[in-house]
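Written below as structure tokens is the structure these notes are about.
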Amino acid sequence: ATADVGVTGLAVMGANLARNLARHDHTVAVHNRTYARTEKLMSEYGDEGEFVPSESVADFVASLKKPRVAIIMVKAGAGTDAVIEELAAEMEPGDIIVDAGNAHFPDTIRREKALREKDLHFVGTGVSGGEEGALNGPSIMPGGTAESYERLGPILEDISAKVDGVPCCTHVGTDGAGHFVKMVHNGIEYADMQLIAEAYDLLRKGLGASAAEIAEIFSNWNTGDLESYLIEITAEVLAHVDERTGTAFVDVVLDQAEQKGTGRWTVQNGLDLGVPITGIAEATFARSLSGSVPQREAAHGTLPAHTAEWSVQDRESFVEDVRKALYASKVVAYSQGFDQIAAASAEHGWDIDRGAMARIWRGGCIIRARFLDRITEAYERTPGLPLLLADPYFTDAVGNGLESWRRVVAGAAQNGVPTPAFSSSLAYYDAVRAERLPAALVQAQRDYFGAHTYHRVDAEGTFHTLWSQDRSEEKQD
Ligand code: 6PG
């Protein structure tokens, strides 16, 4: 056996990961269900490093040095179970199977448990950065045991993206922690994309600006606090002209956003944990709404708008308002996502270091951004920080943009421009900072119709009012 590490599943992501490993001087065993793909990799890129191709799973496993490390990169789902089973049958105690696909974390927990019984390590690993990242340095989020990370960590850190020389890879936590954090990363990705799309829409409708003009604005924003991969590619997309029609490319793309499921999982998990991740939820539902064709057809041209023509007087300050509103909404979305990580970490005993998560997202991944440094700093200042927004840096940053944020959301509402993520983020901000919420009334209603009881602000204990009798109050035991 000569290979340091193996990759099975050689579609673009797997092939690129294998090439990345080989380019970093690791001898890489490669395998794919259909051998033609393995041959293609060998003929096109075989000279990039040391590869050991195998036709069968048995040969693939046999070519790995012990303790073996085999990385699976196949489409998440039942296919993953089949590959795990084949590998496990050939492996020995102490060997490590890594699932680098976008698996749902409960599946990872289940698989880790099953393989542990065979004394095999199973490491569910988030990998972000798309095809480019896989080849040139992704952000890597491995779960699994600390013991497996000792063998695996140096290899993964080696091929991950680096920011200021620091690898964008760290041991996230045990069993499903890595895939969980990747899931939340994707949820935040949805929120970030939706917020950017709303900012674009506001600029387009508020200023009557062209896509090319807005591309300029985004390029400009990319030099400040908003600097990020998503803002950068947005500027490029908006500047792109469609070859066929000669018009802005964004105008010829059908306005229905699809999804493969990680955003939905994030929202479902937010509901399970009772964590209000409204930014991610609105972003996910905005995609659903865009694809609700019969509903949109029934509404379009039928539902009245009662809006005035939007006339922005001072273009420069409007652009600045939208920029500040975008930044503030983005902070809310991240703050919510980090709350979700904290809640899941407590529930599963993962002990996830949120500052470290922000650090490994600084490079390689889709949400890489300048402001992640600020998040890491916030959690370094206060490791148990209950609310990212309450960190002095973010309190200031959001506070400075608050008037702009309110103007933008109010303007959008008055002019009929849908801004679900901007608006819900502002609503979250106002709710979370409120001294008292109308939840008191909801609780009272529950007591009225269902005797669900309530607590009082001025006395200990649980109470119920006899609503259908004399409305006297009873203390419950
Ligand atoms: C990444 C991306 C990657 C993929 C998403 C797209 O981090 O590299 O998040 O995982 O592009 O799965 O998700 P949707 O198809 O759901 O938009």
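Things to note:
- Among residues of the range 111-145, those that are touching a residue at least 60 places away in the same chain (Cβ under 8 Å) and β-branched (Val, Ile, Thr), counted: 2
- Test: residue in the range 446-465 that is without any contact (Cβ under 8 Å) to a residue 60 or more places away in the chain, surrounded by 14 or more Cβ atoms within 10 Å (Cβ to Cβ) and among the small types (Gly, Ala, Ser): yes
- Every pair of residues 6+ apart whose Cβ atoms lie under 6 Å, when the first sits in the range 332-350 and is farther than 14 Å from residue 367 by Cβ while the second is assigned to a loop (DSSP other than H, G, I, E, B) and modelled with pLDDT of 95 or more: 339/275; 340/275; 340/277; 343/275; 345/352; 350/173
- Restricting attention to the range 393-422, the residues that are farther than 13 Å from residue 331 by Cβ and either in contact with a helix residue (DSSP H, G or I) (Cβ under 8 Å, 6 or more places away or on another chain) or assigned to a helix (DSSP H, G or I) (or both) total 16.
- Yes/no for residue 94 being without any contact (Cβ under 8 Å) to a residue 60 or more places away in the chain and more than 16 Å from the ligand (Cβ to nearest atom): yes
- Residue satisfying condition, being within 16 Å of the ligand (Cβ to nearest atom), within 23 Å of the chain's Cα centre (by Cα) and within 21 Å of residue 356 (Cα to Cα), within set 144, 137: 137
- Residue in the range 113-125 that is within 16 Å of the ligand (Cβ to nearest atom) and buried (at least 24 other Cβ atoms within 10 Å of the Cβ) present: yes
- Criterion (surrounded by fewer than 24 Cβ atoms within 10 Å (Cβ to Cβ), assigned to a helix (DSSP H, G or I) and within 16 Å of the ligand (Cβ to nearest atom)) met by exactly one of 107, 158, 192: 107
- The lone exception for residue 255 - which of (1) within 16 Å of the ligand (Cβ to nearest atom); (2) not in a loop (DSSP other than H, G, I, E, B) it fails: (2)
- Test result for residue 226, modelled with pLDDT of 95 or more, away from the ligand (no atom under 15 Å from the Cβ), crowded, with 18+ Cβ neighbours inside 10 Å and part of a loop (DSSP other than H, G, I, E, B): yes
- Filter pass, residue 172 being part of a loop (DSSP other than H, G, I, E, B), within 16 Å of the ligand (Cβ to nearest atom) and modelled with pLDDT of 95 or more: yes
- Extreme residue, farthest from residue 330 (Cα to Cα), among residues of the range 265-313 that are under 20 Å from the mean Cα position of the chain (by Cα) and outside any helix (DSSP H, G or I): 274
The values are calculated or read from the model by the stated rules, or taken from the named source; none is laboratory data. Everything numeric in this text was worked out from a predicted model, so none of it was measured. Neighbour counts are summed over all protein chains in view; Cβ atoms, including those assigned to glycine, are modelled from backbone coordinates with ideal geometry.
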